[in-house]
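Trainee: One structure is given below, represented as structure tokens, and several questions about it will come after.
The values are calculated or read from the model by the stated rules, or taken from the named source; none is laboratory data. From a predicted model like this one, the values you see are computed outputs, not experimental measurements. Cβ placement follows ideal geometry from the backbone for every residue including glycine, while neighbour counts extend to all protein chains displayed. Side chains are part of the model used for accessible areas, which takes the heavy atoms of the whole protein and leaves out ligands, DNA and RNA. Shrake-Rupley method; radii C 1.70, N 1.55, O 1.52, S 1.80 Å.
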Amino acid sequence: TTAQGFQFGNRFINTITGSTASASEIGTLIRMTDNTTQPNTVRGLEVQAWSGSNTLGINTGIAAFGKTFGIHAVTDGVAGAKAQPAAVFADLDSATAGNAIRAFSNDATSADLVLIFQSGSAYTGDALSIDIASGSGSFTTGNFIKARSGNTQFAHLDAQGNMFVSLRNT
């Protein structure tokens with residue numbers, strides 16, 4: 001056991017030395033090549049950190065830290081026979097607790113917490129698409145969108161499609 005310290009299983013440290021030209025440096029490369037014709041599920045890296053019974057701390061599968069991006073995900077979108085491709089896929093396996101995606105900062109004062117950005121060509125898709133109870137289930141209560149500040153609700157779009165907005169100082 002470690003008292004408020006760290007315990008490493010394996011540790012890889014790669015030091016980038018100076019050069020006269022910029023380059024790409026990769027610490028570890030894992031390449032999976034599947035040339036079969038089967039509907040396989042292929043994972044380049046699978047990390048499981050949920051084994052055991054301790055639920056008191058923060059249990060994280062991958063913690064990523066970077067000066068530009070913490071996680072950089074790219075898909076070419078061509079393997080869509082079993083699921084619609086996405087650069088990032090989040091699945092919440094709880095009926096009542098947690099978030100599939102959470103944006104949080106206790107440091108930001110004027111930065112955007114979430115930015116949807118597109119450039120380079122004409123765009124004809126939906127920038128944000130919400131489809132609740134798609135294919136099965138129901139969505140009769142709750143909200144598509146809720147906007148609050150300091151726990152005061154200013155607007156929401158409910159499950160029936162009704163938009164409610166608080167018009168202040170009008």
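Trainee: Working only within the range 31-66, note down all residues that are among the hydrophobic types (A, V, I, L, M, F, W, C), open to solvent by less than 90 Å² (accessible area, probe 1.4 Å) and under 16 Å from the mean Cα position of the chain (by Cα).
Mentor: Step one: of the range 31-66, the residues among the hydrophobic types (A, V, I, L, M, F, W, C) are 32, 42, 45, 47, 49-50, 56, 58, 62-65.
After this cut, where a residue has to be open to solvent by less than 90 Å² (accessible area, probe 1.4 Å) as well, the list is 42, 47, 49, 63-64.
Within the range 31-66, V47, A63, A64 meet the criteria.
Trainee: Among what's in the range 101-141 and is small (G, A, S) and surrounded by 10 or more Cβ atoms within 10 Å (Cβ to Cβ), pick the residue that is nearest to I71 (Cα to Cα). Let's see the steps before the verdict.
Mentor: Just the residues of the range 101-141 that are small (G, A, S), to begin with: 103, 105, 108, 110-111, 119-122, 125, 127, 129, 133-138.
Then drop every residue that is not surrounded by 10 or more Cβ atoms within 10 Å (Cβ to Cβ), which leaves 103, 108, 133.
Working: A103: 13, A108: 19, A133: 29 Å.
Among those residues, the one meeting the criterion is A103.
Trainee: Return yes or no: is F89 closer than 29 Å to W50 by Cα, under 18 Å from the mean Cα position of the chain (by Cα), open to solvent by 60 Å² or more (accessible area, probe 1.4 Å) and not aliphatic (A, V, I, L, M)? Walk me through how you get there before you give the answer.
Mentor: Working: closer than 29 Å to W50 by Cα: yes; under 18 Å from the mean Cα position of the chain (by Cα): yes; open to solvent by 60 Å² or more (accessible area, probe 1.4 Å): yes; not aliphatic (A, V, I, L, M): yes.
Answer is yes for this residue.
Trainee: Any idea how many residues of the range 14-28 are open to solvent by less than 100 Å² (accessible area, probe 1.4 Å) and at pLDDT 85 or above?
Mentor: 3
Trainee: Look at F69 and say whether it is open to solvent by 100 Å² or more (accessible area, probe 1.4 Å), among the hydrophobic types (A, V, I, L, M, F, W, C) and either in contact (Cβ under 8 Å) with a residue 40 or more places away in the chain or in a loop (DSSP other than H, G, I, E, B) (or both). Please lay out each step first, then the result.
Mentor: Working: open to solvent by 100 Å² or more (accessible area, probe 1.4 Å): yes; among the hydrophobic types (A, V, I, L, M, F, W, C): yes; either in contact (Cβ under 8 Å) with a residue 40 or more places away in the chain or in a loop (DSSP other than H, G, I, E, B) (or both): yes.
So F69 passes the test.
Trainee: If we keep just the residues of the range 140-163 that are part of a strand (DSSP E or B) and β-branched (V, I, T), which is farthest from I130 (Cα to Cα)?
Mentor: Ranking the candidates gives T152 first.
Trainee: Looking only at the range 72-86, which residues are open to solvent by less than 70 Å² (accessible area, probe 1.4 Å), modelled with pLDDT under 90 and among the hydrophobic types (A, V, I, L, M, F, W, C)?
Mentor: Correct list: A83 only.
Trainee: Out of R31, R11, I need the residue that is over 28 Å from I130 (Cβ atoms), at pLDDT below 90, charged (D, E, K, R) and out of contact with any helix residue (DSSP H, G or I) (no Cβ under 9 Å at 6 or more places or on another chain). Which one?
Mentor: Testing whether each residue is over 28 Å from I130 (Cβ atoms), at pLDDT below 90, charged (D, E, K, R) and out of contact with any helix residue (DSSP H, G or I) (no Cβ under 9 Å at 6 or more places or on another chain) leaves just R11.
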